[in-house]
Amino acid sequence: MLEHIVAAGTLYSLYFMEEVSARLGWAWEPREVTPGRRPVMEIAGIDQRLIGWQSTRRQQVEDALPLLVADYEERQGHPPGERAAYALDRQAADRTRPPKRKVPQSLSELRERWRASAIRAFGACTVYRLAERARAAAAAVWARVRPVVDIALAAVDTVAVVYVMRGAFKRHHLLAEARRHLSYTLRGRHHQPGLDELIVQTAIDDYTRPVGRRMMTADLRALYPRDLEDQAVLRPLTRNRSALPYERARLAADALRVRVQAERRADRLGSRTRPRTVAVPSAPRSRPRPFHSDRKGGRVPEQPTDVATVEQTRRTLAEAALAMVQEGARERAVHDLRPQPAPATTPPPHTQQPGTLHAPGRTTGGVA
């Protein structure tokens, strides 16, 4: 169970964000604590001064870390790498950890103490209007961010990040990253149950291949069918040690997302029916030019159609229709001004005798 602790933690964070947003109407947004590292999700609209005021442990670690780094460089002769930097960070956290309180305090006592401390530091207006500002910031987040999950893009994003960070991975690594993707995308909105499993299964089916009995790695041949080398697209990012791992992972995810969108665009353009060619006169006229066919070849000569040609055709037809309407109006006006002949005297109606059928053009006679 220990290897699934990260996936379980991301699931808890996802449900916690959704519960807070549903009850209080707040939204979440990513905040970069350390440049180049994975961002953390925090409530939108919270004053950064309050966040820094509560992050006392992080500040204590940052103050103790330079001494440990200097000691490491003196002993080893080079700056610490990724693993060494993480170990030094944990060592600084252990050294600065305060002793536990012998007398426990209740939650109500802690809340009163925290409220009084915040009011002394930032004023009562900042503290008591905290929820109102968070709801206003949430409205701005919902207006800016669409909480829509694209399964294919989520699968590509998950595979790219996990592959660059780990190389070979297992299913629970993909599951943890898929849940992080949902938290970044939905910002506290409710997700459909099983959506994280669907993202992982799509990633495994389309963008991975097995390595050994229990591990797998990325397989991008579905996106790059002409890639002769194995993962040649992502290899420069994995070998670039000058950037931090998560920064390289985001670059890889963005590149694959652009590739997926380009393929979708190409599929849409390829499935569209081509527009018919339109013959356009060289200059706009009041009347449309008569249409002539090629009698020798027995076909209609076609001209290449582009956006400018179609637009010119539309304008020409509109001008021709307007000219015809104006000419018809002038003809009707002239006709109304001419003297009209006196109406002929209408002959009195006559009654038809029973049994008599009048033929057209005859006045009398019929068949009895």
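The values are calculated or read from the model by the stated rules, or taken from the named source; none is laboratory data. Values in this document were obtained by computation on a predicted structure and should not be read as measured data. Here Cβ is always computed from backbone atoms with ideal geometry, including for glycine, and neighbour counts include all displayed protein chains.
Of the numbered conditions (1) closer than 13 Å to residue 159 by Cα; (2) of a type in the set (S, T, N, Q); (3) at pLDDT below 80, residue 240 fails exactly one; give the number of that condition.
So the condition that residue 240 fails would be (1).
Restricted to the stretch 201-230, and to residues that are touching a Ser or Thr at 6+ places or on another chain (Cβ under 7 Å) and not small (Gly, Ala, Ser), which residue is modelled with the lowest pLDDT?
The selected residue is 219.
Between a first residue in the stretch 251-279 that is in the same structural domain as residue 207 (by TED's automatic domain parsing) and a second residue that is at pLDDT 85 or above and among the charged types (D, E, K, R), which pairs have beta carbons less than 8 Å apart while being 6 or more apart in sequence or on different chains?
Short answer, once both residue conditions are applied: 253/157; 256/157; 257/157.
Out of all the residues in the stretch 44-70, which are assigned to a helix (DSSP H, G or I), among the acidic types (Asp, Glu) and surrounded by 12 or more Cβ atoms within 10 Å (Cβ to Cβ)?
The one that is assigned to a helix (DSSP H, G or I), among the acidic types (Asp, Glu) and surrounded by 12 or more Cβ atoms within 10 Å (Cβ to Cβ): 62.
Which of the residues belonging to the stretch 184-203 are free of Cβ contacts under 8 Å to residues at least 60 places away in the same chain, buried (at least 20 other Cβ atoms within 10 Å of the Cβ) and small (Gly, Ala, Ser)?
203
Any chance you could count how many residues in the stretch 163-210 are of a type in the set (A, V, I, L, M, F, W, C) and more than 18 Å from the chain's Cα centre (by Cα)?
Residues meeting the conditions: 11.
Restricting to the stretch 165-221, name every residue that is of a type in the set (A, V, I, L, M, F, W, C), out of contact with any Pro (no Cβ under 6 Å at 6 or more places or on another chain) and over 30 Å from residue 142 (Cβ atoms).
Answer for the stretch 165-221, where residues must be of a type in the set (A, V, I, L, M, F, W, C), out of contact with any Pro (no Cβ under 6 Å at 6 or more places or on another chain) and over 30 Å from residue 142 (Cβ atoms): 168, 169, 204, 211, 215, 218, 220.
Only one residue in 115, 133 is over 28 Å from residue 62 (Cα atoms) and surrounded by 13 or more Cβ atoms within 10 Å (Cβ to Cβ), so which one is that?
Criteria check complete, one pass: 133.
May I ask you to verify whether residue 141 is surrounded by 11 or more Cβ atoms within 10 Å (Cβ to Cβ), touching a strand residue (DSSP E or B) at 6+ places or on another chain (Cβ under 8 Å), at pLDDT 90 or above and not assigned by TED's automatic domain parsing to the domain that holds residue 205?
yes
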